[in-house]
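The values are calculated or read from the model by the stated rules, or taken from the named source; none is laboratory data. Model, not experiment: these values are computed from the prediction. Using ideal geometry, Cβ is built from the backbone for each residue, glycine included, and neighbour counts are taken over all protein chains shown.
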Amino acid sequence: MAERLPVVLVTGFLGSGKTTLLSRLLRLPELGETAVIVNELGEVGIDHHLLRRVDERTVLLGNGCLCCTLRGDLADELRDLLSRRTRGEIPPFRRVLVETTGLADPAPVLNTLLAEPVVKHHFEPGAVIATVDALNGSRQLDREPETLKQVVVADRLVVTKTDVAERGAVNELAERLRGLNPAADLLEASFGEADPALLLAPGSLDPRHLRLPEEPEHSDVHPFVLFLDRPVDWIGFGIWLTMLLGSRGADVLRVKGLLDVGAPGPVILNAVQHVVHPPEHLDTWPDEDHRSRIVFIARGIEREAVERSLEAFAMS
Amino acid sequence: MCALCGVLLTSHWAERESGRRERVFRVRLLNRVLAHFGLELGDWSGRVYVLRDRKGKAVVVGDLGALWTAAEALAGRPLDPLDPELVAALRGG
């Protein structure tokens, strides 16, 4: 099978600077051969030869689960891009950037990439990038559930408008974002300037970055990290995680980690509610620390209960 | 991939790269869990699972994703892996 093309998702609340970031990125030579799909043609015009606009259209599946909806608009557009590329009507492209609306839930986009019968054979999820405005981000986190969801799902968090915000406010927001999603890399960008290599690279989940703040966020959504000293049985883990997501998936907003299954390298885990990326078995560990490390971002679920249950299912 | 909509998919993430031995081990482990809820799982030709309750009611499920939805319906209650009684039973067994 041909190599799957990564689909990078740029998300963020209204006015948080995602279009500015996107338009800056697309001017860089290393971002050549990129197709772009947007929901809105924003105030900052993006001049790009492979720009497509879609109207968000979700297809609710029979079980009524929101994160498991398919984005029909995105699937149609991706299939059309492939067909037109094959017919030679558009130049070849090596990746796709999707800019969502400020109110969009990233989970159905990821589900579409992993579950839509045609799309999943040609595309795969790339990094999820969320922009958070240094001036308004904190207030949006308090008031807008969409912002919280975008922050929790992101692999990269980009604090924007740092040139106009006070340094203290930027640092405070950065600390809050680290506390909400310790699995994400945190970057700053003024006027949309951000290092594309850092933005688009796969996440490392370096254990040194998985330290949580001493005073957790005053919210029912909170992250915790499990470090496990013994290998985990992969079959038991699969049973445990599918059962956990089956019963508590709506409250398990994110699971991301590296798992020691007794092989030379770890297994990479990545789940957003019920949407689970196919686990990837690595040949070697990315760093010296070979302990399993799993970040959970959950609502109303305690670390101790998760640890005890996981041990009973997969480590006894 | 969706844990709830597993039947729509051809290969569940938790069951990829596994052969006959792994499947037998998986069914054994699942039965330790399901017994707590009065359910029993059988393997049908290594392709699908058959889930039964104590009254003999049975459903066929394709993979792990579909299993938990079917098991909840058959047991008539949520199947929560964090349930302290289940965790204690697994540790004791």
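This table checks each residue for (1) assigned to a strand (DSSP E or B); (2) over 17 Å from B:Val87 (Cβ atoms).
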| site | (1), (2) |
| --- | --- |
| A:Val232 | no, no |
| A:Gly238 | no, yes |
| A:Leu241 | no, no |
| A:Val255 | yes, yes |
| A:Val261 | no, yes |
| A:Pro264 | no, yes |
| A:Ile268 | yes, yes |
| A:Pro278 | no, yes |
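Selection of first residues in segment A:21-36 that are at negative phi and of second residues that are loosely packed, with under 11 Cβ neighbours inside 10 Å and among the aromatic types (Phe, Trp, Tyr), restricted to Cβ pairs under 9 Å at least 6 apart or on distinct chains, gives an empty result.
Which ones in segment A:138-155 are closer than 14 Å to A:Leu21 by Cβ and part of a helix (DSSP H, G or I)? The answer is A:Gln150, and nothing else.
Sort through A:Val132, A:Val128 and tell me the only one that's farther than 21 Å from A:His277 by Cα and assigned to a strand (DSSP E or B).
Every option except A:Val132 fails the conditions.
Got at least one residue in segment A:286-294 being modelled with pLDDT under 90, within 30 Å of A:Pro108 (Cβ to Cβ) and aliphatic (A, V, I, L, M)? No, that holds for no residue.
Here's the yes/no breakdown for (1) outside any loop (DSSP other than H, G, I, E, B); (2) more than 9 Å from every other protein chain (Cβ to nearest Cβ); (3) more than 19 Å from A:Val267 (Cβ to Cβ); (4) out of contact with any Gly (no Cβ under 6 Å at 6 or more places or on another chain):
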residue	(1), (2), (3), (4)
B:Ala14	yes, no, no, no
B:Ser18	no, no, no, yes
B:Leu30	yes, no, yes, yes
B:Leu34	yes, yes, yes, yes
B:Gly56	no, yes, yes, yes
B:Gly65	yes, no, no, no
B:Leu74	yes, yes, yes, yes
B:Arg77	no, yes, yes, yes
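Scanning segment A:257-276 for residues that are within 11 Å of another protein chain (Cβ to nearest Cβ), in contact with a strand residue (DSSP E or B) (Cβ under 7 Å, 6 or more places away or on another chain) and buried (at least 19 other Cβ atoms within 10 Å of the Cβ) turns up A:Leu269, A:Asn270, A:Ala271, A:Val272, A:Gln273, A:His274, A:Val275. Filtered by the rule that a residue be within 12 Å of chain B (Cβ to nearest Cβ), touching an Asp or Glu at 6+ places or on another chain (Cβ under 9 Å) and closer than 29 Å to A:Gln150 by Cβ, segment A:282-313 gives A:Ala298, A:Gly300, A:Ile301, A:Ser309.
Being assigned to a loop (DSSP other than H, G, I, E, B), crowded, with 20+ Cβ neighbours inside 10 Å and modelled with pLDDT under 90, is that true of even one residue in segment A:93-101?
For segment A:93-101, residues assigned to a loop (DSSP other than H, G, I, E, B), crowded, with 20+ Cβ neighbours inside 10 Å and modelled with pLDDT under 90: present.
Figure legend. Inter-residue proximity from segment A:235-256: first residues within 7 Å of chain B (Cβ to nearest Cβ), second residues surrounded by 24 or more Cβ atoms within 10 Å (Cβ to Cβ) and of a type in the set (S, T, N, Q), beta-carbon distance below 6 Å, spacing 6+ or different chains. Indicated pairs: A:Gly249/A:Gln273. Could you tell me which of the residues B:Leu39, B:Leu82 is touching a strand residue (DSSP E or B) at 6+ places or on another chain (Cβ under 9 Å) and either within 12 Å of chain A (Cβ to nearest Cβ) or in contact (Cβ under 8 Å) with a residue 12 or more places away in the chain (or both)? Of B:Leu39, B:Leu82, the one residue that is touching a strand residue (DSSP E or B) at 6+ places or on another chain (Cβ under 9 Å) and either within 12 Å of chain A (Cβ to nearest Cβ) or in contact (Cβ under 8 Å) with a residue 12 or more places away in the chain (or both) is B:Leu39. With respect to the stated conditions, B:Ala89 is surrounded by 15 or more Cβ atoms within 10 Å (Cβ to Cβ) and either more than 8 Å from every other protein chain (Cβ to nearest Cβ) or modelled with pLDDT of 95 or more (or both).
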